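Beneath this line is the structure, given in structure tokens, with notes to follow.
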Amino acid sequence: MTLLAALLITTAAAQTQTYPDLPAGIKNGVGGMIGDTLYAGLGTAGQKFYALNLLDTAKGWTEMAAFPGAARDQAAAAVVNGKLYVFGGLGKPTPEATTSVFNQVYAYDPASNAWQALNTRAPQDIGGGTAVAQGDRILLFGGVNRNIFNGYFEDIAAAGTDKVRSDAVALAYFSGRPQDYFFGREVQSYTPATNTWQSLGTAPFIGRAGAAVSLQGDALTVVSGEMKPGLRTAQAGRATVKDGGVTWSTLPDLPSAANGAVQEGVAAAFTGSSQGALLVAGGANFPGSTVKFQSGVQYAHQGLTKTWQSDIYALRGDKWSVVGQLPQAQASGISIQRGDEVILVGGELKGGDASSKVFSISLKGDSIEIKD
């Protein structure tokens with residue numbers, strides 16, 4: 001085969017790729033879809049922000065206007081009326097500062113390729129929480145407690161290189177009960193047109209960080225996530241969101257994995273819907289932590305290994321099933337709904353590396369179709 005023929009084949013393959021790779025790996029970032037264009041950035045991309053026109057994917061991802069605030073992980077984002085809104089996140093306000101929780105709100109307007117810092121703050125801080133659009137408003141749920149989280153990093157910074165002191169800080173921090181961390185339980189509503197906030201009510205279960213949250217019509221479903229640092233839960237719940245409030249109902253727990261192992265629950269899973277079913281894919285946990293916690297050990301993930309998962313679960317009605325596997329175990333990526341597909345953008349791979357892969361999952365009968 002000539003070099004020219006090889007180049008032509010490579011070019012043709014790239015042009016037929018539905019979702020080209022990101023310019024660089026992104027984990028703990030944010031994104032959304034506006035019109036026919038995907039957007040993704042922040043997290044390990046720092047302040048960079050990229051766009052992919054799905055009507056001309058051969059051009060690949062284009063770098064857009066940089067995010068104007070401090071770089072941040074685990075912010076929340078949603079699209080309303082043609083703009084992407086970004087809430088909170090975790091990071092350093094300045095290079096010299098310790099890690100803290102942000103509660104600013106920014107809006108990205110693709111028409112002008114410009115960001116705007118909005119004159120508002122989230123009433124409940126959003127770090128490790130989730131945002132979903134419902135009509136002309138955005139619902140936000142979950143996340144860490146700003147004072148407790150910031151306090152931990154301030155104490156760790158003060159300990160410096162003193163390992164005995166830093167170990168004591170970690171032991172005290174991780175030994176609390178789930179309720180002692182005050183993770184977010186409030187369903188907050190933000191309406192961009194009026195720049196106003198509303199409390200829609202509080203979940204009847206322990207707050208979550210990194211939960212899989214999806215909205216289908218007026219049904220807000222919360223699956224798994226952390227109920228304290230290092231400890232996940234298999235619990236799921238659903239809220240009907242209407243008339244200025246929420247009404248909660250219980251759902252079956254996330255089922256045992258395909259290998260029959262104890263269901264630890266997952267944090268930072270991908271989520272969306274297909275064929276009317278809720279999909280929860282991937283995520284990460286600490287195998288063995290549930291058994292330790294149930295035996296009375298609060299620092300349940302101490303000495304355990306963080307493990308990335310590949311199972312894809314589907315909730316149809318009130319019944320869970322395992323419907324497939326991701327190509328590789330991953331978590332902490334961006335989930336974007338496109339019709340009946342859920343697009344998975346980036347994520348964290350085994351060992352912590354950031355992925356640049358972009359692909360979609362969708363249900364086809366009782367199995368999963370993967371399109372890249």
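Amide H contacts under 5 Å for Met64: Phe49, Tyr50, Ala51, restricted to partners 5 or more places along the chain or on a different chain, H placed in the peptide plane at 1.01 Å from N.
Quick one: accessible surface of Ser310, probe radius 1.4 Å, all protein chains present, in square angstrom to the nearest 10. The accessible area of Ser310 comes to roughly 30 Å². A crude spin-label estimate for the pair Gln179 and Thr18, with each label 7 Å from Cα along the Cβ direction, gives 4.6 nm.
Size of the chain from its Cα atoms: along the principal axes, largest to smallest, the extents are 64, 52, 49 Å. Summarising the amide proton neighbourhood of Ile34: residues at separation of 5 or more, or on other chains, whose placed amide H is nearer than 5 Å comprise Tyr39.
How big is the stretch 134-256 by the Kirkwood estimate over distinct Cα pairs, in Å?
Evaluated over the stretch 134-256, this radius sits at 16.1 Å.
Close amide-amide hydrogen proximity is noted between Arg72 and Gly43, each under 5 Å apart and 5 or more residues distant or on a separate chain (H modeled in the peptide plane; Pro and chain starts excluded). Cα convex hull, the stretch 64-214: 119 Å³ per residue, rounded to a whole number.
Fully extending the segment from Val262 to Gln325 would add 20.9 nm, taking 0.36 nm per residue of separation and subtracting the current Cα-Cα distance. Placing R0 at 41 angstrom, the Cβ-Cβ distance between Ile156 and Glu369 gives a FRET efficiency of 0.40 after rounding to 0.05. Positive-end ranking of Gly282, Thr18, Leu231 along the dipole of the chain, with charges on Cβ about the Cα centre, is headed by Leu231. Take the Cα radius of gyration of the stretch 193-273 and divide it by 2.2 N^0.38 Å, N being the number of residues; the result is 1.20. Taken one residue at a time, the phi angles of the stretch 136-145 give Karplus couplings (6.51, -1.76, 1.60, θ = phi - 60°) of 9, 10, 10, 9, 10, 8, x, x, 6, 8 Hz. Gly and Pro are set to x.
Over 32 Å apart at the Cα level, from the set Lys319/Lys350; Lys59/Lys319; Lys228/Lys364; Lys92/Lys228; Lys59/Lys364; Lys48/Lys319, are Lys59/Lys319; Lys228/Lys364; Lys48/Lys319.
Count the net charge of all other residues whose Cβ sits under 14 Å from the Cβ of Arg165, scoring Lys and Arg as +1 and Asp and Glu as -1. Present the calculation step by step, with values, prior to reporting the outcome.
Numbers: positive: Lys163; negative: Glu154, Asp155, Asp162, Asp167.
Here the charged neighbours net out to -3.
Across the stretch 123-132, rounded Karplus estimates of 3J(HN,Hα) from the backbone phi angles (6.51 cos²θ - 1.76 cosθ + 1.60, θ = phi - 60°) give x, 10, 4, 10, x, x, x, 9, 10, 9 Hz, Gly and Pro being marked x.
The values are calculated or read from the model by the stated rules, or taken from the named source; none is laboratory data. Quick caveat: nothing in here was measured; it's all calculated off a predicted structure. FYI the Cβ positions are ideal-geometry reconstructions off the backbone, even for glycines, and counts take in every protein chain you see. Quick note on the areas: whole protein, heavy atoms, side chains included, nothing else; ligands and nucleic acids left out. Shrake-Rupley method; radii C 1.70, N 1.55, O 1.52, S 1.80 Å.
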